[in-house]
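Here is the structure we will look at.
The values are calculated or read from the model by the stated rules, or taken from the named source; none is laboratory data. For clarity, every value in this text was computed on a predicted model and none was experimentally measured. Note that we place each Cβ from the backbone using ideal geometry, even for glycine, and neighbour counts take in every protein chain shown.
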Amino acid sequence: MSIAASWQKEQFSKAYMLAVASQGGYTIGEWNVDKDGVDVTLRSGGLMVDLQLKCTQRPRTTSDDYVFDLDVPTYNKLRDPYRSAPGYMALVVVPPILDEWLLHEPERLLLSCHAYWAKLQDEPPPTSSATTSIRLPRCQSLTASSIEIMFEVALSRILGTAGGDSA
(Lines give C-alpha, C1' and ligand atoms only; values in the text may rest on other atoms or scores of the structure.)
Protein backbone atom coordinates (compact mmCIF):
# COMPACT_ATOMS: atom_id res chain seq x y z
CA MET A 1 0.00 0.00 0.00
CA SER A 2 1.64 3.26 -1.12
CA ILE A 3 1.15 6.45 0.84
CA ALA A 4 1.09 9.52 -1.37
CA ALA A 5 3.41 12.42 -0.75
CA SER A 6 1.88 15.67 0.45
CA TRP A 7 2.44 17.36 -2.92
CA GLN A 8 0.61 14.53 -4.72
CA LYS A 9 -2.43 14.97 -2.48
CA GLU A 10 -2.33 18.73 -3.04
CA GLN A 11 -2.18 18.38 -6.81
CA PHE A 12 -4.94 15.77 -6.89
CA SER A 13 -7.27 17.94 -4.78
CA LYS A 14 -6.64 20.84 -7.19
CA ALA A 15 -7.39 18.58 -10.16
CA TYR A 16 -10.69 17.53 -8.57
CA MET A 17 -11.60 21.15 -7.87
CA LEU A 18 -10.71 22.20 -11.43
CA ALA A 19 -12.86 19.42 -12.90
CA VAL A 20 -15.91 20.26 -10.76
CA ALA A 21 -15.56 24.03 -11.23
CA SER A 22 -15.19 23.59 -15.00
CA GLN A 23 -18.30 21.42 -15.13
CA GLY A 24 -20.26 24.19 -13.37
CA GLY A 25 -18.90 26.94 -15.62
CA TYR A 26 -16.91 28.65 -12.84
CA THR A 27 -13.41 30.03 -13.18
CA ILE A 28 -10.74 29.01 -10.75
CA GLY A 29 -7.63 30.83 -9.60
CA GLU A 30 -4.77 29.28 -7.67
CA TRP A 31 -2.51 31.09 -5.26
CA ASN A 32 1.22 30.49 -5.45
CA VAL A 33 1.54 31.14 -1.71
CA ASP A 34 -0.94 29.80 0.85
CA LYS A 35 -0.42 32.62 3.36
CA ASP A 36 -4.11 33.51 3.62
CA GLY A 37 -5.35 29.94 4.14
CA VAL A 38 -6.68 29.79 0.58
CA ASP A 39 -5.62 27.30 -2.07
CA VAL A 40 -8.13 28.30 -4.75
CA THR A 41 -10.62 31.07 -5.39
CA LEU A 42 -13.67 30.36 -7.50
CA ARG A 43 -15.41 33.09 -9.48
CA SER A 44 -18.85 33.43 -10.93
CA GLY A 45 -19.08 36.87 -12.49
CA GLY A 46 -18.19 39.29 -9.71
CA LEU A 47 -18.78 36.77 -6.91
CA MET A 48 -15.89 34.90 -5.30
CA VAL A 49 -15.53 31.95 -2.93
CA ASP A 50 -12.27 30.91 -1.22
CA LEU A 51 -11.41 27.29 -0.49
CA GLN A 52 -8.75 25.51 1.49
CA LEU A 53 -8.26 22.08 -0.11
CA LYS A 54 -7.23 18.97 1.78
CA CYS A 55 -6.80 15.41 0.61
CA THR A 56 -6.61 12.20 2.62
CA GLN A 57 -6.18 8.50 2.04
CA ARG A 58 -7.28 7.65 5.58
CA PRO A 59 -10.28 9.76 6.56
CA ARG A 60 -11.63 9.95 10.08
CA THR A 61 -15.36 9.38 10.05
CA THR A 62 -18.45 9.44 12.18
CA SER A 63 -21.82 8.06 11.14
CA ASP A 64 -22.71 11.39 9.47
CA ASP A 65 -19.44 13.20 8.82
CA TYR A 66 -15.88 13.13 7.66
CA VAL A 67 -13.64 14.81 10.25
CA PHE A 68 -10.42 16.64 9.48
CA ASP A 69 -8.10 18.38 11.94
CA LEU A 70 -7.31 21.76 10.41
CA ASP A 71 -4.56 23.94 11.83
CA VAL A 72 -5.91 26.85 13.89
CA PRO A 73 -4.21 29.68 11.94
CA THR A 74 -5.85 28.51 8.69
CA TYR A 75 -9.18 27.96 10.43
CA ASN A 76 -9.10 31.49 11.86
CA LYS A 77 -8.32 33.00 8.45
CA LEU A 78 -11.24 31.19 6.82
CA ARG A 79 -13.76 31.94 9.58
CA ASP A 80 -12.92 35.66 9.74
CA PRO A 81 -16.21 37.61 9.49
CA TYR A 82 -14.47 40.44 7.58
CA ARG A 83 -13.50 38.32 4.56
CA SER A 84 -14.81 39.65 1.26
CA ALA A 85 -15.14 36.08 -0.09
CA PRO A 86 -16.70 33.40 2.12
CA GLY A 87 -14.22 30.80 3.39
CA TYR A 88 -14.73 27.07 2.93
CA MET A 89 -12.77 23.88 3.35
CA ALA A 90 -12.99 20.93 0.96
CA LEU A 91 -11.77 17.44 1.74
CA VAL A 92 -10.96 15.08 -1.13
CA VAL A 93 -11.00 11.43 -0.06
CA VAL A 94 -8.91 9.12 -2.23
CA PRO A 95 -8.29 5.34 -2.13
CA PRO A 96 -5.49 4.13 0.17
CA ILE A 97 -3.47 2.88 -2.82
CA LEU A 98 -2.02 5.65 -4.98
CA ASP A 99 -2.27 3.62 -8.18
CA GLU A 100 -6.07 3.47 -7.74
CA TRP A 101 -6.61 7.25 -7.76
CA LEU A 102 -7.02 7.30 -11.52
CA LEU A 103 -8.82 4.70 -13.56
CA HIS A 104 -7.71 4.60 -17.19
CA GLU A 105 -10.38 3.13 -19.42
CA PRO A 106 -10.83 3.24 -23.17
CA GLU A 107 -11.89 6.75 -24.12
CA ARG A 108 -12.15 8.04 -20.55
CA LEU A 109 -10.15 8.81 -17.46
CA LEU A 110 -11.95 8.49 -14.12
CA LEU A 111 -10.96 10.15 -10.87
CA SER A 112 -11.47 7.59 -8.14
CA CYS A 113 -12.35 9.90 -5.25
CA HIS A 114 -15.07 11.93 -3.63
CA ALA A 115 -15.04 15.28 -1.90
CA TYR A 116 -17.01 17.11 0.76
CA TRP A 117 -17.20 20.71 1.88
CA ALA A 118 -17.81 22.75 5.01
CA LYS A 119 -18.44 26.47 5.42
CA LEU A 120 -15.97 27.96 7.90
CA GLN A 121 -16.99 31.58 7.46
CA ASP A 122 -18.35 33.02 10.72
CA GLU A 123 -17.73 29.82 12.72
CA PRO A 124 -16.88 30.19 16.44
CA PRO A 125 -13.32 30.52 17.74
CA PRO A 126 -11.36 27.30 18.13
CA THR A 127 -11.14 25.61 21.52
CA SER A 128 -7.56 24.44 21.02
CA SER A 129 -4.39 26.25 20.02
CA ALA A 130 -3.02 23.73 17.50
CA THR A 131 -5.85 22.19 15.47
CA THR A 132 -9.62 22.21 15.33
CA SER A 133 -11.82 19.39 14.09
CA ILE A 134 -13.79 20.29 10.99
CA ARG A 135 -16.89 18.22 10.34
CA LEU A 136 -17.69 17.77 6.67
CA PRO A 137 -21.17 16.24 6.40
CA ARG A 138 -21.48 13.24 4.08
CA CYS A 139 -24.55 14.93 2.60
CA GLN A 140 -22.39 17.87 1.41
CA SER A 141 -20.65 16.39 -1.61
CA LEU A 142 -18.50 18.87 -3.48
CA THR A 143 -20.26 19.20 -6.84
CA ALA A 144 -21.05 21.95 -9.32
CA SER A 145 -24.47 22.27 -7.63
CA SER A 146 -22.94 22.70 -4.18
CA ILE A 147 -20.61 25.38 -5.52
CA GLU A 148 -23.73 27.24 -6.64
CA ILE A 149 -24.87 27.19 -2.98
CA MET A 150 -21.53 28.72 -1.98
CA PHE A 151 -22.06 31.54 -4.48
CA GLU A 152 -25.56 32.13 -3.11
CA VAL A 153 -23.96 32.62 0.31
CA ALA A 154 -21.45 35.06 -1.21
CA LEU A 155 -24.28 37.04 -2.80
CA SER A 156 -26.35 37.11 0.38
CA ARG A 157 -23.32 38.42 2.33
CA ILE A 158 -22.90 41.25 -0.19
CA LEU A 159 -26.60 42.11 -0.11
CA GLY A 160 -26.80 41.71 3.67
CA THR A 161 -29.75 39.34 3.36
CA ALA A 162 -30.64 36.41 5.55
CA GLY A 163 -29.87 32.96 4.30
CA GLY A 164 -26.12 33.40 4.09
CA ASP A 165 -25.75 31.50 7.33
CA SER A 166 -27.26 28.25 6.14
CA ALA A 167 -24.48 26.92 3.89
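In the stretch 41-67, the residues that are under 15 Å from ALA90 (Cα atoms) form Cβ pairs under 8 Å with partners that are polar (S, T, N, Q) and crowded, with 23+ Cβ neighbours inside 10 Å, at six or more places apart or across chains, as follows: LEU53/SER13; LYS54/SER13; CYS55/SER13.
In the stretch 26-41 there is at least one residue that is surrounded by fewer than 16 Cβ atoms within 10 Å (Cβ to Cβ) and among the aromatic types (Phe, Trp, Tyr).
Within the stretch 75-103, the set of residues being closer than 16 Å to ASP122 by Cβ and either in contact with a strand residue (DSSP E or B) (Cβ under 6 Å, 6 or more places away or on another chain) or surrounded by 22 or more Cβ atoms within 10 Å (Cβ to Cβ) (or both) comprises TYR75, LEU78, ALA85, PRO86, GLY87, TYR88, MET89. The selection criterion, being out of contact with any helix residue (DSSP H, G or I) (no Cβ under 8 Å at 6 or more places or on another chain), modelled with pLDDT under 95 and either part of a helix (DSSP H, G or I) or over 22 Å from SER13 (Cα atoms) (or both), holds for TYR82.
No other residue among LEU53, LEU47, LEU42 is modelled with pLDDT of 95 or more and touching a Lys or Arg at 6+ places or on another chain (Cβ under 8 Å) apart from LEU53. Can you find, within the stretch 109-129, the residue that is surrounded by the fewest Cβ atoms within 10 Å (Cβ to Cβ) among those that are part of a strand (DSSP E or B) and at pLDDT 95 or above? This residue is HIS114.
Tell me whether the stretch 152-159 contains one or more residues that are within 19 Å of PRO59 (Cα to Cα) and either surrounded by fewer than 12 Cβ atoms within 10 Å (Cβ to Cβ) or among the aliphatic types (A, V, I, L, M) (or both). Before you say what the answer is, go through the steps one by one.
First, the residues of the stretch 152-159 that are within 19 Å of PRO59 (Cα to Cα): none.
No, because not a single residue in the stretch 152-159 is within 19 Å of PRO59 (Cα to Cα) and either surrounded by fewer than 12 Cβ atoms within 10 Å (Cβ to Cβ) or among the aliphatic types (A, V, I, L, M) (or both).
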